[in-house]
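Step one of this worksheet: look at the structure below.
The values are calculated or read from the model by the stated rules, or taken from the named source; none is laboratory data. Being a predicted model, the structure only gives us computed values, none of them experimental. Every residue, glycine among them, receives a Cβ derived from its backbone with ideal geometry; neighbour counts consider all protein chains shown.
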Amino acid sequence: MQIQMNVNGADRSADIEARTLLVHFLREDLGLTGTNVGCDTSSCGACTVHVNGESVKSCTMLAVSANGETVTTIEGLASGGEMHPMQTSFMENHGLQCGYCTPGMVMASVSLLKENPNPSEAEVREGLEGNLCRCTGYHNIVKAVLAAAG
Amino acid sequence: MTAVMGSPRLRKEDPALLTGENKFVDDIQAVGQLWMGMVRSPFAHAKVNGINAEPAKSMPGVYAVYTGAELMDMGLWAAPLPCAWPVTPDMVNPPHYPVATDEVHHVGEIVAVVLADSRYEAADAVEKVEVDYAELPAVGSVEAALTDAATAHSDHATNKAFTWALEPNPDGVNDAFANAAHTVTGEFLQQRLIPAAMEPRGVLAIPSPHGGDITMYTSTQVPHILKVMMAATTGISEAKIRIIAPAVGGGFGAKLNVNPDESLALTLANKLGRPVRWTETRTEAAFSTHQGRGQRQKIEVAADADGKLLGVRVHLDADMGAYMMLITPGVPLLGSFLYTGVYDVPAFGFTCDGWFTNLTPTDAYRGAGRPEASYAIERAMDMLAQKVGITPEEVRRRNYLGGGDAFENLDVASTLTFDSGHYGPNLDMALNMAKIADLRAEQQRRRDAGESKQLGIGLCTYVEICGLAPSRALAGLAYGAGGWEAGTVRMLPTGKVEVVTGSTPHGQGHETSWSMIVADKLGVDPDDVEVLHSDTAISPLGLDTYGSRSLAVGGVAISMACDKVIDKARLIAAHQLEANPDDLEFESGRFGVKGSPDKGLLIQEVAYGAFTAHNLPDGMEPNINEQMVFDPPNFAFPFGTHVAVVEVDENTGETTLLDYIAVDDCGNQVNPLIVEGQVHGGIVQGVAQALFEGAEYDEDGQCKNPSFLDYLVPSAMEVPSIKTDYTYTPSTSNPMGVKGVGEAGTIGSAAAVINGICDALSPYGVSDIEMPASPMRVWKTIQDAKAGA
Ligand code: FES
Ligand code: FES
């Protein structure tokens with residue numbers, strides 16, 4: 001079926017199978033492979049994107065449900081060749097190793113700070129509960145988010 | 001120029017990973033690709049009576065369906081999947097082909113393969129394949145295996161695969177136990193762990209019909225090893241196979257194997273002339289990717305009246321799972337040498353029986369044998385302290401190798417020679433950071449007040465074996481390959497430096513660290529160094545990344561290749577400056593003539609001169625392109641002290657990790673930022689084993705928690721921030737004095753946490769608790785102890 005949505009500032013449309021997950025639409029139809037898939041039970045958050053500014057696990061949403069909506073993926077976060085402050089903070093605080101969880105983690109962190117601009121360490125940990133990382137032990141991810149909050 | 005080595009330099013890998021630009025296997029598309037869907041056995045042990053693939057063949061998008069028997073008939077394989085570590089000459093090694101034909105031996109074993117145009121269509125068609133199974137009695141645990149009531153392979157008379165022994169001094173061990181004032185016995189279960197790298201494994205094989213060669217992208221730690229093994233088992237010429245590990249999302253040992261799916265993709269793509277791909281789902285990974293640990297341990301410790309060790313005796317029953325994969329049987333052996341820990345043990349003996357079960361095969365997982373060893377000896381040391389009536393730190397101090405003082409090249413009872421160690425100050429630093437006296441006072445206060453939340457302080461002083469490995473030592477262990485690593489450093493005409501490494505990073509930041517090594521050596525900017533890796537066509541020589549070997553072997557090879565670059569550049573510079581090579585000083589990237597400060601050449605200028613070749617010494621080859629293959633003379637032995645501060649709620653059984661202190665010593669450090677990241681991640685993986693994770697099976701060999709819904713990989717909520725510091729004891733095993741740190745955290749943390757819980761619960765008379773120490777298990781242990789008291 002035909003869908004259209006605004007992705008990273010561009011209007012995109014496609015003819016897809018009704019059961020296509022948003023994450024597969026983004027990755028395979030639009031070639032936006034920065035959004036990753038880490039599980040099949042909505043547990044890991046590797047697929048986190050923003051839909052209308054809200055953080056969403058794109059493996060839990062059908063592409064058709066995002067029809068007409070505005071979607072931002074990790075590829076849309078940097079602007080004018082400059083990384084988003086959250087991306088910079090992850091780099092400066094060594095908040096990533098293999099980088100697989102990272103796009104989802106960064107997207108979740110951006111919306112965490114949007115909702116709570118000055119979180120405590122405990123609030124950051126709680127806010128990122130839905131995003132798993134196997135490499136960093138979270139220490140530097142939490143540090144990066146706190147640093148980005150300033 | 002400021003010092004590069006030892007500075008916390010930000011990673012050059014990060015921007016591409018942070019913006020989604022990097023390509024993991026599943027991100028790469030190939031025109032005309034076919035998706036594999038695996039038809040997997042729902043039974044742990046069964047006869048395959050027949051397969052009806054017809055209903056699947058007519059599904060939309062389906063290109064072909066092949067049963068196991070059909071695939072075997074296609075002649076895709078010259079040999080079964082490899083086990084590179086036949087630990088004994090008589091080890092039982094049942095043939096393990098990528099697909100089963102007559103009998104399946106674990107849940108998830110592949111019995112047929114669907115090829116379809118999309119991943120959805122492949123998944124749909126898998127559902128339509130009808131397989132007629134006759135269930136057989138399954139061996140669902142190592143305990144069941146020991147009885148031989150059923151055998152995991154119906155043509156085997158016993159489940160035992162091998163017995164391996166390291167008994168350098170059996171009489172000494174007997175004497176030690178005969179003369180001991182104290183003995184303790186610990187029996188521990190190292191539960192099976194699902195490695196759960198965040199990137200699921202995936203593979204894409206692309207044939208080039210006109211070139212006659214084939215390229216395989218795969219989510220692997222070991223492209224070089226895989227290339228050799230694929231050639232050996234498929235009969236496709238090694239020279240025709242190119243393996244590429246693109247961005248790889250974590251490995252932890254789980255991507256150190258030669259897997260059925262990889263062999264299927266390669267051979268089918270080769271046969272059909274179409275790209276063939278597959279990506280495991282997370283839940284599938286519990287069956288399609290090997291698991292870690294899976295050992296029953298018995299450790300006995302003999303000590304004199306003061307708690308001074310006299311002997312250590314260990315027996316393992318190790319769960320191989322259904323098949324011997326690449327290094328399945330070798331994993332317990334890697335640990336065997338570490339059961340004496342950091343201690344001066346006069347007599348040591350170790351035996352291990354390997355057992356087949358009808359479970360997913362086990363193999364390397366972060367630490368591979370060494371966390372298990374460290375856990376056993378460190379738990380036993382705490383038990384001994386309790387028996388002798390001294391503190392955990394005191395029992396350790398009394399037994400440290402070298403008396404806790406600095407040592408080098410010391411022979412230990414497990415037959416190895418430790419490169420260097422200095423355990424006393426490392427322990428002191430950790431105890432100071434933890435404020436141990438304050439903690440003990442608070443613990444006492446809570447006990448006196450009868451509070452429901454008890455405090456526990458868990459200590460672990462570990463050592464690990466890194467820098468795998470001296471090739472001759474591997475020969476002695478019957479390992480089927482060497483342990484060297486290759487590195488090439490080439491100066492480009494424009495003065496940039498290209499580095500080719502045989503190490504294969506998957507999160508460790510080798511591009512950054514190797515650049516720093518080169519920058520330090522050659523006096524160039526780290527950003528002018530490009531590190532190439534993980535593609536057998538670009539880096540033809542290598543033995544990849546595992547066993548905390550990359551820096552201590554691969555990084556050292558790069559450093560030594562830089563020495564060769566300097567040697568050659570010096571000859572060119574001397575020639576062009578009309579000076580004696582011995583009269584040149586190389587500093588900050590410039591060859592200067594001693595005594596003539598103005599006369600000199602930058603290494604970049606020399607590189608250009610080597611490229612034009614207009615004015616080289618007679619007979620010298622143009623260009624500077626130096627390779628070093630480093631075979632380390634010895635392993636490296638990092639060590640450290642970890643302190644876990646836990647709070648155990650006796651009403652709920654819940655354990656909260658309040659604080660974690662880690663003082664590690666990995667010798668000289670290249671990039672402390674990266675070291676620290678490795679320590680953090682390693683610790684949380686060990687904590688996860690102690691508190692949360694464990695693959696659970698019922699007696700029929702069914703995994704009860706294959707998905708992330710039930711298998712509890714900890715989130716940021718479950719772990720605290722970690723306090724780290726370091727001591728620096730250079731290794732004598734390599735010229736850089738580096739040791740390795742990838743597995744250290746994992747090796748120290750499980751024991752520290754469980755020691756902490758046992759410390760918290762000691763007033764109830766609890767002396768042990770099985771991992772993972774879930775709230776239910778802790779609560780029950782407390783209740784049982786209370787009832788027994
Ligand atoms: S892939 Fe979406 S939550 Fe794991
Ligand atoms: S950086 Fe590897 S999973 Fe988070």
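Could you identify the single residue in B:LEU18, B:LEU76, B:LEU71 that is of a type in the set (A, V, I, L, M), out of contact with any Leu (no Cβ under 6 Å at 6 or more places or on another chain) and without any contact (Cβ under 8 Å) to a residue 40 or more places away in the chain? Working first, answer last.
Working: B:LEU76 fails: without any contact (Cβ under 8 Å) to a residue 40 or more places away in the chain; B:LEU71 fails: without any contact (Cβ under 8 Å) to a residue 40 or more places away in the chain.
Only one candidate qualifies: B:LEU18.
Of all the listed residues (A:SER79, A:SER89, A:SER55, A:SER43), the sole one being at pLDDT 95 or above, of a type outside the set (Val, Ile, Thr) and more than 16 Å from ligand 2 (Cβ to nearest atom) is A:SER55.
Every residue in the range B:208-227 that is touching a residue at least 24 places away in the same chain (Cβ under 8 Å) and not in a strand (DSSP E or B), please.
Here is the first cut: in the range B:208-227, the ones touching a residue at least 24 places away in the same chain (Cβ under 8 Å) are B:209, B:212-227.
Correct list: B:PRO209, B:GLY212, B:SER219, B:THR220, B:GLN221, B:VAL222, B:PRO223, B:HIS224, B:ILE225, B:LEU226, B:LYS227.
Looking across the range B:657-673, the residues that are surrounded by fewer than 24 Cβ atoms within 10 Å (Cβ to Cβ) and either within 11 Å of another protein chain (Cβ to nearest Cβ) or at positive phi (or both) come down to B:PRO672, B:LEU673. Can you find a residue in the range B:720-738 that is assigned by TED's automatic domain parsing to the domain that holds B:MET383 and modelled with pLDDT under 95? Yes, that holds for at least one residue.
Would you call B:LEU455 in contact with a strand residue (DSSP E or B) (Cβ under 7 Å, 6 or more places away or on another chain) and in contact (Cβ under 8 Å) with a residue 24 or more places away in the chain? Here the answer is yes, as B:LEU455 does meet what is asked.
Inside the range B:561-647, counting only strands (runs of 3 or more DSSP E) that do not spill past its ends, which hold 2 or more residues that are farther than 30 Å from B:SER548 by Cα? Reasoning before the result, please.
Working: elements: B:584-587, B:590-593, B:596-602, B:624-630.
In the range B:561-647, B:584-587, B:590-593, B:596-602 are the strands (runs of 3 or more DSSP E) which contain 2 or more residues that are farther than 30 Å from B:SER548 by Cα.
In the condition set (1) modelled with pLDDT of 95 or more; (2) more than 16 Å from ligand 2 (Cβ to nearest atom); (3) assigned to a loop (DSSP other than H, G, I, E, B), B:PHE252 is compliant with all but (2).
Can you spot a residue in the range B:197-205 that is at negative phi and away from chain A (no Cβ under 14 Å)? Scanning the range B:197-205, I find at least one residue that is at negative phi and away from chain A (no Cβ under 14 Å), so the answer is yes.
Conditions tested, residue by residue: (1) of a type outside the set (A, V, I, L, M, F, W, C); (2) within 16 Å of ligand 1 (Cβ to nearest atom); (3) at positive phi.
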| residue | (1), (2), (3) |
| --- | --- |
| B:LEU226 | no, no, no |
| B:ILE236 | no, no, no |
| B:PRO246 | yes, no, no |
| B:PHE252 | no, no, yes |
| B:GLU262 | yes, no, no |
| B:ALA269 | no, no, no |
| B:ARG293 | yes, no, yes |
| B:VAL314 | no, no, no |
| B:ALA318 | no, no, no |
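Within the range B:259-285, being closer than 19 Å to B:GLN221 by Cβ and hydroxyl-bearing (Ser, Thr, Tyr) holds for B:SER263, B:THR279. For the range A:7-19, the count of residues that are assigned to a helix (DSSP H, G or I), over 11 Å from the mean Cα position of the chain (by Cα) and more than 16 Å from ligand 1 (Cβ to nearest atom) is zero. Look at B:MET776 and say whether it is within 14 Å of chain A (Cβ to nearest Cβ), in a helix (DSSP H, G or I) and surrounded by fewer than 23 Cβ atoms within 10 Å (Cβ to Cβ). No, not satisfied.
Rundown of residues vs (1) more than 16 Å from ligand 1 (Cβ to nearest atom); (2) closer than 24 Å to B:THR746 by Cα; (3) facing chain B (nearest Cβ under 7 Å); (4) part of a loop (DSSP other than H, G, I, E, B), yes/no style:
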position: A:SER43; (1), (2), (3), (4): no, yes, yes, yes
position: A:SER55; (1), (2), (3), (4): no, no, no, no
position: A:GLN87; (1), (2), (3), (4): yes, no, yes, no
position: A:PHE90; (1), (2), (3), (4): yes, yes, yes, no
position: A:LEU113; (1), (2), (3), (4): yes, no, no, no
position: A:LYS143; (1), (2), (3), (4): yes, yes, no, no
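Could you name every one of the helices (runs of 4 or more DSSP H) located completely within the range B:1-106 that has at least 2 residues being more than 14 Å from every other protein chain (Cβ to nearest Cβ)? Reasoning before the result, please.
On the way: elements: B:14-18, B:54-57, B:68-73.
Qualifying helices (runs of 4 or more DSSP H): B:54-57, B:68-73.
Please find, within the range A:11-38, the residue that is nearest to the other protein chains (Cβ to nearest Cβ) out of those that are within 16 Å of ligand 2 (Cβ to nearest atom) and touching a residue at least 40 places away in the same chain (Cβ under 8 Å).
Narrowing the range A:11-38 to residues within 16 Å of ligand 2 (Cβ to nearest atom): A:34-38.
Of the ones still in play, those that are also touching a residue at least 40 places away in the same chain (Cβ under 8 Å) are A:34-36, A:38.
Values: A:GLY34: 2, A:THR35: 7, A:ASN36: 7, A:GLY38: 5 Å.
Among residues in the range A:11-38 that are within 16 Å of ligand 2 (Cβ to nearest atom) and touching a residue at least 40 places away in the same chain (Cβ under 8 Å), the one nearest to the other protein chains (Cβ to nearest Cβ) is A:GLY34.
Residues are listed down the side, and each one gets a yes or a no for (1) polar (S, T, N, Q); (2) in contact with a Pro (Cβ under 9 Å, 6 or more places away or on another chain); (3) within 16 Å of ligand 2 (Cβ to nearest atom):
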position: B:THR655; (1), (2), (3): yes, yes, no
position: B:ALA695; (1), (2), (3): no, yes, no
position: B:ASN705; (1), (2), (3): yes, no, no
position: B:THR724; (1), (2), (3): yes, no, no
position: B:ASN734; (1), (2), (3): yes, yes, no
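Could you check how many residues of the range B:251-272 are among the basic types (Lys, Arg), under 20 Å from the mean Cα position of the chain (by Cα) and surrounded by fewer than 24 Cβ atoms within 10 Å (Cβ to Cβ)? Final tally of qualifying residues: 0. No other residue among B:PRO42, B:PRO60 is touching a residue at least 40 places away in the same chain (Cβ under 8 Å), more than 19 Å from B:MET216 (Cα to Cα), in contact with a helix residue (DSSP H, G or I) (Cβ under 9 Å, 6 or more places away or on another chain) and not hydrophobic (A, V, I, L, M, F, W, C) apart from B:PRO60.
Residue pairs whose Cβ atoms lie under 8 Å apart, sitting 6 or more positions apart in sequence or on different chains, and linking a residue in the range B:680-694 that is surrounded by fewer than 24 Cβ atoms within 10 Å (Cβ to Cβ) to a partner that is modelled with pLDDT of 95 or more and of a type in the set (Gly, Ala, Ser), are B:PHE692/B:SER774.
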